[in-house]
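Engineer: I have a structure here, written as structure tokens, and I will follow up with some questions on it.
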Amino acid sequence: MTSEFIAFPEGFVWGAATSAYQIEGAWNEDGKGESIWDRLCHTPGYIMDGSTGDVACDHYHRWAEDIALMKELGLNAYRFSISWPRILPDGRGQVNQIGLDFYNRLVDGLLDEGIQPFPTLYHWDLPQALQDEGGWAVRSTAEAFVEYADVVSRHLGDRVKHWITHNEPWAVVAMGYQRGTHAPGLKDYPASLQAGHHLMLSHGWAVPALRRNSAGAEVGITLILFPLVPGSSDTVVHPAFRKFDGYFNRWYLDPLYGRHYPTDVVADYIEAGHLPSDGMTCIEPGDLEAIATPTDFLGVNYYTPVLLRSDIPPGSDDEPLALLYHGPEYEYTNMTMMVYPDGLSHLLKQVHFEYQPGKMYITENGASYSDGPGEDGRVCDQRRVKYLRDHFAAAHRAIEGGIPLAGYFVWSLLVNFEWNFGYAQRFGIIWVDYQTQQRIPKDSALWYKQVIAENGLTTQL
Ligand code: IFM
């Protein structure tokens, strides 16, 4: 096997990502309000292992230790999310200064170590008080989000130079409102489409507030995207191919880049009875212009492609999941996600070609593998090293092809609470022992440290 050292462009940002509910714990401390994830986890039956994020990685108390670990790895940047109910316990109105102080300390601590903070404002932990008023399905939640974005950026905007409004609207829509596996645990397709629209609208409305309060900062949004990979040349023209791309990708990318919601998907939703015959009636004048407010970057989360079977039986596009290809020739992570690094370069090229975002960051990529400490205390997670190496190489190919990719955030810094899977799925380059809260950098973290130090990597081991 030949090996080659590939160097990344000077100034390339190497980071790691987390989110508030998945690591902070302290769910009801220091004036924090209840979030929809607190409510869901405290309701029996939703989380596979019956766990909660009440304590998680206890990052709320151990943030200084976690920054020291980031420094040890040499991270240039850290993507975290801010807990809305820690700042505004009722979603709007009364500000909880103790909550703001926590993020003030975190941002200062990061900057002291030369680590750029990349906060995400919404990574799914909506204040329960707003859910009680209808959650994202109602327009007033989008208005409350702008108030929240304003409060946070007025306090942190002098130091934060990169803001992400939302993390993965698709996941909120699909898992929170369609499948009911995520908070708020609903199965209501029409409400899911309203929720998606209000999320996107709140993003567009928040951009000017962030710019106003944070001079010179870059503002963007993070989408999870799924590159469509045809099983054969026949599947490219199959209607399922277009449908999947519309459902996962175009529904979010098109309005962000000024193209309205895709009419073919609107027609599908009308036909399926998810929308009335006159379409997206929750859109008000000016909404689409607001959603398309120009941003400075697009955050891309990539985990797995949509690989279609090459032998799609006629008429089976009504059962879209039956069209996915799973084959023994591919590797899957513990969360049964297909490992497909080429999907990343393919995706970046496709988004660049179609939408031309001025700049992109991979804001999440990583793998769930369960390897834990051996008898010597070391965590040998060679599958994760290979996964990251191959995906970094794919990102490098995209950069070589002219794609403006500015940075890469590994998901995740810490092994953490993986939503409805609880603690059963273990993403993360730093092991966390939940009994003792001891952190152990895995082999992947040590390998990543070297990548960052050399701003590049050797493609084959
Ligand atoms: O853990 C999640 C994260 O919160 C959002 N993106 C996908 C990750 C892995 O499932």
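The values are calculated or read from the model by the stated rules, or taken from the named source; none is laboratory data. Just so we're clear, the structure is a prediction, and the values are computed from it rather than from any experiment. When we count neighbours, we look across all protein chains shown, and the Cβ atoms used for this are built from the backbone with ideal geometry, even at glycine. Ligands, DNA and RNA are stripped out before the accessible areas are found, and what is left, the full protein with its side chains, is counted by its heavy atoms. Shrake-Rupley method; radii C 1.70, N 1.55, O 1.52, S 1.80 Å.
Engineer: Please verify whether Phe409 is assigned to a strand (DSSP E or B) and closer than 20 Å to Phe80 by Cα, treating the condition exactly as stated.
Structural biologist: When the stated conditions are applied, Phe409 passes them.
Engineer: Does any residue of segment 58-76 turn out to be within 15 Å of the ligand (Cβ to nearest atom), touching a residue at least 12 places away in the same chain (Cβ under 8 Å) and of a type in the set (A, V, I, L, M, F, W, C)?
Structural biologist: No: zero hits.
Engineer: Tell me which residues, restricted to segment 286-338, are of a type in the set (S, T, N, Q), at pLDDT below 90 and within 16 Å of the ligand (Cβ to nearest atom). Spell out the reasoning first.
Structural biologist: Kept after step one, since they are of a type in the set (S, T, N, Q), are these residues of segment 286-338: 293, 295, 301, 304, 310, 316, 333-334, 336.
After this cut, where a residue has to be at pLDDT below 90 as well, the list is 310, 316, 336.
If the condition is that a residue be of a type in the set (S, T, N, Q), at pLDDT below 90 and within 16 Å of the ligand (Cβ to nearest atom), then Thr336 is the only one that fits.
For (1) within 16 Å of the ligand (Cβ to nearest atom); (2) open to solvent by 40 Å² or more (accessible area, probe 1.4 Å); (3) in a helix (DSSP H, G or I), each residue gets a yes or a no:
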| position | (1), (2), (3) |
| --- | --- |
| Asp245 | no, no, yes |
| Arg259 | no, yes, no |
| Val266 | no, no, yes |
| Ile270 | no, yes, yes |
| Gly279 | no, no, no |
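Engineer: Pull out all pairs, ordered by first then second residue, where Cβ-Cβ is under 9 Å, the residues are six or more apart or on different chains, the first lies in segment 1-19 and is within 14 Å of Leu457 (Cβ to Cβ), and the second is at pLDDT 95 or above and open to solvent by 70 Å² or more (accessible area, probe 1.4 Å).
Structural biologist: Taking only residues 6 or more apart or on different chains, the pairs are Phe5/Glu454; Ile6/Arg397; Ile6/Glu400; Ala7/Glu454.
Engineer: Okay, next question. Using the structure shown, decide if Tyr252 is of a type outside the set (Lys, Arg), under 25 Å from Tyr361 (Cβ atoms) and open to solvent by less than 50 Å² (accessible area, probe 1.4 Å).
Structural biologist: Taking the combined requirement at face value, the residue satisfies it.
Engineer: Since Phe409 meets every condition but one in (1) within 21 Å of the chain's Cα centre (by Cα); (2) open to solvent by 40 Å² or more (accessible area, probe 1.4 Å); (3) not polar (S, T, N, Q), which condition does it not meet?
Structural biologist: With respect to (1) within 21 Å of the chain's Cα centre (by Cα); (2) open to solvent by 40 Å² or more (accessible area, probe 1.4 Å); (3) not polar (S, T, N, Q), Phe409 is out only on (2).
Engineer: Looking at Leu100, Leu110, which one is in a helix (DSSP H, G or I) and farther than 21 Å from Ile430 by Cα? Don't jump to the end; show me each part of the working.
Structural biologist: Working: Leu110 fails: farther than 21 Å from Ile430 by Cα.
After applying the criteria, what remains is Leu100.
Engineer: Exactly one of these conditions fails for Gly53: (1) open to solvent by less than 20 Å² (accessible area, probe 1.4 Å); (2) part of a helix (DSSP H, G or I); (3) not hydrophobic (A, V, I, L, M, F, W, C). Give me its number.
Structural biologist: (2)
Engineer: Given the conditions (1) assigned to a loop (DSSP other than H, G, I, E, B); (2) within 16 Å of the ligand (Cβ to nearest atom), report the number of the one that Tyr434 does not fulfil.
Structural biologist: Tallying (1) assigned to a loop (DSSP other than H, G, I, E, B); (2) within 16 Å of the ligand (Cβ to nearest atom), Tyr434 fails exactly one: (2).
Engineer: Is there any pair linking a residue in segment 361-387 that is more than 25 Å from Phe12 (Cβ to Cβ) and within 13 Å of the ligand (Cβ to nearest atom) to one that is open to solvent by less than 60 Å² (accessible area, probe 1.4 Å) and assigned to a helix (DSSP H, G or I), with Cβ under 8 Å and at least six apart or on different chains, and which?
Structural biologist: Tyr369/Arg384; Tyr369/Tyr387
Engineer: Additional query: Quick one: which of Pro119, Pro85 is within 16 Å of the ligand (Cβ to nearest atom) and either outside any loop (DSSP other than H, G, I, E, B) or surrounded by fewer than 22 Cβ atoms within 10 Å (Cβ to Cβ) (or both)?
Structural biologist: Pro119
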